Amino acid sequence: MRKPFYILLAFLGLLIGVQALISCSNSDLTLPAPPPMPLSSSINQGNGGDGSSSSNSDNGNDSSDSGNSSSYDGSSSSSDISSSSFSSSSALPLPAIELPKSGYYQSGVPTITIPMQTEQGLVYCDTTGVAPRENGPIGPGSTFTFSTTRKNAILRCASFKNGIATSKTIMRTYLMERLPDLPIVSIAVDPVEMFDAPRALYKSSFEPNSDCGGAFSSFRRDDSLLVHVDFFEKDFHRKGEDVAWSYPAAIKIHGGCSRQWDKKSVIISFREIYGQKNLKYPLFPEFPELTKFKHFMLRNNGNNYPYDYIRDLLMNQLTEGLNIDYQKGRAVVVFYNGEYYGIHNLRERTNSDYFETNYNIDEDFIDLVKVDKGGTVSKGSDDDYQDIVRWLNGVSLSDNENFKQLEKRIDVDNFTNHFQSRIYYKDCDWPGKNMKRWRSRTGQSKWRWLLYDTDHGFGGWGSNHQGCGTMEYITATNGPSWPNPSHSTLMMRKLLENENYKNAFINRFSLLIATYFAPERVEAKKSELMAPINSEITYDQRKWGPKTGDPVKSISSFATDRPAEMHGNIGSFWNLEKPVDFTISINGSGKVFVHNLPLPKNSVKFNAYPSIPITIRAGAGFKNWSDGVTTAERTVTITTATTLTANF
């Protein structure tokens, strides 16, 4: 009968312990010095913090950092990794000792001198990649000159007193071999845990008997290792600039089937316990307003790794301007412990932190769902969307009132642009996978769709799957569990029940084909993405081997052939007459919209189908149309080649 009393005592003891732990974590106490590193700078071996699993795709499960790994969710016990391996965020800077700056040494080699004693204690450094430790290889009174063979090198230093770390760890990157013509990500990491151990992190592939082809049998590691990262912008040396930022972080392998490639994709994560709560820096120069990141990816181009460097990045960036949430990115060169690892794409993650970075919405105030098996909740809840699904299954959207009700719950324009993009890309690993939907739980936000992992599109890996990239595929009622199960096509099927939406879908798609996905725009974007890496490809392939075939020829071929193929499918699916040319021009400073989709330039010629009416609208400042009509919004039927100009 005394059990409840003991249970109460145990609970009170646990509460006191938690309060004490919180108090300590907020104090100015320094953390104990790192012990000599045997094989344990890892953070919990187990399931990935992003919950990813082996699959028939590089699924990039960025749904959330809510798996079993302690590397992100903080759910593990303190025994998963010694706290001594972390830098205290309240620790002092390293004492002012003469350490050569990070950078490119075109001539000469850096030399470091460690004083015998500093006010903060003794300074120890390491050049292998591991975190510095007391009694490490380079200590008080040492003078160390890097190899005269002029190999790249890294240096990590910290001060210690009486077994206690008294400073933050600092890092230096010394580039002496050559200076790449790209931004540089230099990573210092325990070389044994990362590369050399029998089950080293970088040897991680995927589990035997997975859906990745069965040719590779290996192990899978989803834990993280502690690292330090230096980042240099392109041309920093020529501009006389220093390292852009240098922070402690954690690293883990990313992806599903793409783990089989020798060059791995990784995730870099920031947490206060690592010594840096988040990265405050504009990683993507085209978007200077995005300055706060908890994670970023260094991607090997996913399943297209054997073929090219840019395909997934290209498909994402082609949607810029279409009100689509997508992964931003740019090419960088990566070094591990000074060793060259080649071209990677630095990318955003599409987990819950994406919305804090892009919308300033805290992750606790979003619903984020990965569209697989009907919906895997990453953050929040899927209850609202499932309520929509139940309602849809009981009504017809041919009724305009029902359609208006749906428009209050989902962003129809966003959905349409997203689906038309991926249909056009002929993405054969979608819509039953590699798609997420989200909404803010404040202010009655509508559901939107998030674009990522388009590896199977644009003539890339797996894009020859039978039937994909067609209207039949995206409206199938009995598709297989992969890639187009019925739950993933339901919304499109229901929307197309509405005659007005069907007309808008056809006309908007035709406009996209003529503008955003026009062959000349694809070629321009391809050239823009290839230009920075052209000078680096020789070095990358010297490290990893040549790509299969021409890295960009198949992209150009797809861009050239796809418009006619897509128009043919649209025409046959709806049994439409042969299209005619419809040109819309803008005279003056104003905007014109086709079914609410803005024209991206002042004159556009696209295919119009004689049986499909087109709704056009002129924006503010409109005077009249070239045929004399003064109504800003009108619906026209185009039966012969026609040009209309909106005068502003």
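The values are calculated or read from the model by the stated rules, or taken from the named source; none is laboratory data. A quick note: this is a predicted structure, and the numbers were derived from the prediction, not measured. Note that we place each Cβ from the backbone using ideal geometry, even for glycine, and neighbour counts take in every protein chain shown. To get the accessible areas, we keep the full protein, side chains included, count just its heavy atoms, and leave off ligands, DNA and RNA. Shrake-Rupley method; radii C 1.70, N 1.55, O 1.52, S 1.80 Å.
Side notes on the structure shown:
- Residue count for the range 355-368, restricted to those that are within 16 Å of the chain's Cα centre (by Cα) and either open to solvent by less than 10 Å² (accessible area, probe 1.4 Å) or free of Cβ contacts under 8 Å to residues at least 24 places away in the same chain (or both): 2.
- Residue selection: residue 399 fails the criterion of being of a type in the set (Asp, Glu) and in contact with a strand residue (DSSP E or B) (Cβ under 8 Å, 6 or more places away or on another chain).
- Of the candidates 379, 328, the single residue that is in contact with a Leu (Cβ under 8 Å, 6 or more places away or on another chain) and either of a type in the set (A, V, I, L, M, F, W, C) or closer than 25 Å to residue 181 by Cβ (or both) is 328.
- Cβ-Cβ under 6 Å pairs, at least 6 apart or on other chains, the range 466-490 side free of Cβ contacts under 8 Å to residues at least 40 places away in the same chain, far side open to solvent by 70 Å² or more (accessible area, probe 1.4 Å) and part of a loop (DSSP other than H, G, I, E, B): 486/477
- Condition met for residue 477 (farther than 26 Å from residue 377 by Cβ, open to solvent by 10 Å² or more (accessible area, probe 1.4 Å) and β-branched (Val, Ile, Thr)): no
- Positions within the range 553-579 being open to solvent by 30 Å² or more (accessible area, probe 1.4 Å) and over 17 Å from residue 508 (Cβ atoms), in sequence order: 553, 554, 557, 560, 561, 564, 565, 568, 572, 575, 577, 578
- Qualifying position, being farther than 22 Å from residue 302 by Cβ and not charged (D, E, K, R), among 579, 546: 579
- When the range 428-455 is filtered for residues that are touching a helix residue (DSSP H, G or I) at 6+ places or on another chain (Cβ under 8 Å), in a loop (DSSP other than H, G, I, E, B), open to solvent by less than 10 Å² (accessible area, probe 1.4 Å) and farther than 20 Å from residue 504 by Cβ, the ones remaining, listed by number, are 430, 432, 452, 453, 454, 455.
- Residue match in the range 279-288 (condition: assigned to a strand (DSSP E or B), buried (at least 23 other Cβ atoms within 10 Å of the Cβ) and among the aliphatic types (A, V, I, L, M)): no
- The condition of being in contact (Cβ under 8 Å) with a residue 40 or more places away in the chain, surrounded by fewer than 24 Cβ atoms within 10 Å (Cβ to Cβ) and more than 12 Å from the chain's Cα centre (by Cα) holds for residue 322.
- Among (1) modelled with pLDDT of 95 or more; (2) closer than 30 Å to residue 180 by Cα, the one test that residue 582 misses: (2)
- Where a residue in the range 328-343 is within 22 Å of residue 287 (Cα to Cα) and of a type in the set (Gly, Ala, Ser) and its partner, wherever it lies, is assigned to a strand (DSSP E or B) and modelled with pLDDT of 95 or more, with Cβ under 7 Å and at least six apart: 329/345; 329/346; 329/347; 331/343; 331/345
- The test for being within 20 Å of the chain's Cα centre (by Cα) and either on the phi > 0 side of the Ramachandran plot or open to solvent by less than 40 Å² (accessible area, probe 1.4 Å) (or both) holds for residue 252.
- Within the range 513-541, tally of residues that are open to solvent by less than 50 Å² (accessible area, probe 1.4 Å), under 24 Å from the mean Cα position of the chain (by Cα) and more than 30 Å from residue 335 (Cβ to Cβ): 3
- In the range 421-439, the residues that are farther than 12 Å from residue 376 by Cα form Cβ pairs under 6 Å with partners that are aromatic (Phe, Trp, Tyr) and surrounded by 24 or more Cβ atoms within 10 Å (Cβ to Cβ), at six or more places apart or across chains, as follows: 422/430; 425/458.
- Residue within the range 143-160 that is open to solvent by 40 Å² or more (accessible area, probe 1.4 Å), out of contact with any Leu (no Cβ under 9 Å at 6 or more places or on another chain), at positive phi and of a type in the set (S, T, N, Q) present: no
- The residues listed here are 185, 109, 192, 123; of these, the one that is of a type in the set (Val, Ile, Thr), open to solvent by less than 50 Å² (accessible area, probe 1.4 Å) and not in a strand (DSSP E or B) is 109.
Rundown of residues vs (1) among the small types (Gly, Ala, Ser); (2) under 23 Å from residue 102 (Cα atoms); (3) assigned to a loop (DSSP other than H, G, I, E, B); (4) open to solvent by 20 Å² or more (accessible area, probe 1.4 Å), yes/no style:
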{"residue": "259", "(1), (2), (3), (4)": "no, no, no, no"}
{"residue": "262", "(1), (2), (3), (4)": "no, no, yes, yes"}
{"residue": "267", "(1), (2), (3), (4)": "no, no, no, no"}
{"residue": "303", "(1), (2), (3), (4)": "no, no, no, no"}
{"residue": "315", "(1), (2), (3), (4)": "no, no, no, no"}
{"residue": "330", "(1), (2), (3), (4)": "no, yes, no, yes"}
{"residue": "335", "(1), (2), (3), (4)": "no, yes, no, no"}
{"residue": "342", "(1), (2), (3), (4)": "yes, yes, no, no"}
{"residue": "346", "(1), (2), (3), (4)": "no, yes, no, no"}
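- Test: residue in the range 207-216 that is buried (at least 21 other Cβ atoms within 10 Å of the Cβ), closer than 25 Å to residue 342 by Cα and at pLDDT below 95: yes
- Considering the range 394-404, the residues that are touching a helix residue (DSSP H, G or I) at 6+ places or on another chain (Cβ under 8 Å) and open to solvent by 70 Å² or more (accessible area, probe 1.4 Å) include one that is farthest from residue 497 (Cα to Cα), namely 400.
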